[in-house]
Amino acid sequence: MLTILLTGGAGYIASHTAVVLQLAGYKVVALDNLENSSEESLRRVAKITGQAVEFVKADIRDAAALRQVFSQYSISAVVHFAGLKAVGESTQLPLKYYDYNVAGTVTLCQVMAEFNIKQLVFSSSATVYGAAAEVPIHEQSARSATNPYGQSKLMIEYILQDLVTADPSWRVALLRYFNPVGAHESGLIGEDPNGIPNNLMPFISQVAVGKRAQLQVFGNDYSTPDGTGVRDYIHVMDLANGHLQALRYLEKHQGIEAFNLGTGQGYSVLDMVKAFSEVNGVAVPYQIVDRRPGDVAVCYADASKARELLGWQTRYTLVDMVGDAWRWQRQNPEGYRQLD
């Protein structure tokens, strides 16, 4: 049984990936400093899979703690989720983002190299494409960033590219996520943002459950069918499965490859609100407000490379996305915090 280290392992996408990996026969070790997550997510993963998750409370910037993990466990590969991810906060605290995300990744790779562990799946983001000139966005599209969060992801991609150029025995997959939504169908694990959600779906869910009065829709004057921004929303379980497929790919291929993980289908903000209301039979009051600076009108993926090379494809529909998001929110109105 291969052992996979998940950095940031108690987070939203990582916890769903832990479920997929355990059910596929891998042993999972989750490392997390719990700054933006809860160990409760991993207890829930164990409930879903019937297998405990080994948990280590540590920070990826702590080289000594990483050495301890690699000494204690026979790690075959690392799936690297750890990092800060709030775009707005990154503009106010850029040094913190570069410290956690960029310096943390450098420390992680240095310690991996010490232990001759050279298989890495990196949690990147569609933010590396900046304001893309055309859609759908493919892996060769020009990269740029419009905020320190996106810049940190882009810097890490360049660092990993340089690492593979210097030592071609590394095997690296860069997974560029589009807009992850939804939750595990059990309702046991899901997205649990701290404070005001940065992402659309948890905001819709919190309005629907009565935690927030209404949704703010940023702009309705874009050149889209209903004037609101269009994004590529992907179910978190499809995204989790992409990490499994990437690990299997790296077992057979050296070098570095980037993969878009999205559905290739764009939905507007109002499409999502309407689907959530209709599928779940719950009202989502909203108010149109001014555009947010830096938002683009339309963003969706060309994910054909992941289909061809990873054998990966999405299985979950928009109905699944909004239904699973609501089940999680309804069953856990305060997220994991009600149990911490």
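The numbers here are math on the coordinates, done by the rules we state, and not lab data. Worth saying up front: this structure is predicted, and the values here are computed from it rather than measured. Here Cβ is always computed from backbone atoms with ideal geometry, including for glycine, and neighbour counts include all displayed protein chains.
Please count how many residues of segment 28-52 are touching a residue at least 40 places away in the same chain (Cβ under 8 Å), crowded, with 23+ Cβ neighbours inside 10 Å, within 15 Å of residue 186 (Cβ to Cβ) and hydrophobic (A, V, I, L, M, F, W, C).
Residues in segment 28-52 being touching a residue at least 40 places away in the same chain (Cβ under 8 Å), crowded, with 23+ Cβ neighbours inside 10 Å, within 15 Å of residue 186 (Cβ to Cβ) and hydrophobic (A, V, I, L, M, F, W, C): 1 in total.
Can you spot a residue in segment 212-232 that is within 14 Å of residue 12 (Cα to Cα) and of a type outside the set (Val, Ile, Thr)?
No, segment 212-232 contains no residue that is within 14 Å of residue 12 (Cα to Cα) and of a type outside the set (Val, Ile, Thr).
Spot the failing condition for residue 252; the list is (1) assigned to a helix (DSSP H, G or I); (2) without any contact (Cβ under 8 Å) to a residue 40 or more places away in the chain, and only one is missed.
(1)
Please give the helices (runs of 4 or more DSSP H) falling wholly within segment 81-171 in which 2 or more residues are surrounded by fewer than 15 Cβ atoms within 10 Å (Cβ to Cβ) and hydroxyl-bearing (Ser, Thr, Tyr).
Details: elements: 87-92, 94-97, 104-114, 148-166.
Because the criterion is at least 2 residues that are surrounded by fewer than 15 Cβ atoms within 10 Å (Cβ to Cβ) and hydroxyl-bearing (Ser, Thr, Tyr), the helices (runs of 4 or more DSSP H) in segment 81-171 that meet it are 148-166.
Is it the case that residue 174 is in contact with a Lys or Arg (Cβ under 7 Å, 6 or more places away or on another chain), of a type in the set (A, V, I, L, M) and not in a helix (DSSP H, G or I)? Show your work before the answer.
Working: in contact with a Lys or Arg (Cβ under 7 Å, 6 or more places away or on another chain): no; of a type in the set (A, V, I, L, M): yes; not in a helix (DSSP H, G or I): yes.
In short, no.
Among the residues of segment 193-222, which ones are surrounded by fewer than 19 Cβ atoms within 10 Å (Cβ to Cβ), within 16 Å of residue 330 (Cβ to Cβ) and of a type in the set (Val, Ile, Thr)?
209
Hey, can you tell me all the residues within segment 256-281 that are in a loop (DSSP other than H, G, I, E, B) and either on the phi > 0 side of the Ramachandran plot or not β-branched (Val, Ile, Thr) (or both)?
Here is the first cut: in segment 256-281, the residues in a loop (DSSP other than H, G, I, E, B) are 262-266, 281.
Within segment 256-281, 262, 264, 265, 266, 281 meet the criteria.
I need the full set of residues from segment 230-249 which are part of a loop (DSSP other than H, G, I, E, B) and surrounded by fewer than 24 Cβ atoms within 10 Å (Cβ to Cβ), in order please.
To start, the set of residues in segment 230-249 that are part of a loop (DSSP other than H, G, I, E, B) comprises 232.
None; the set is empty.
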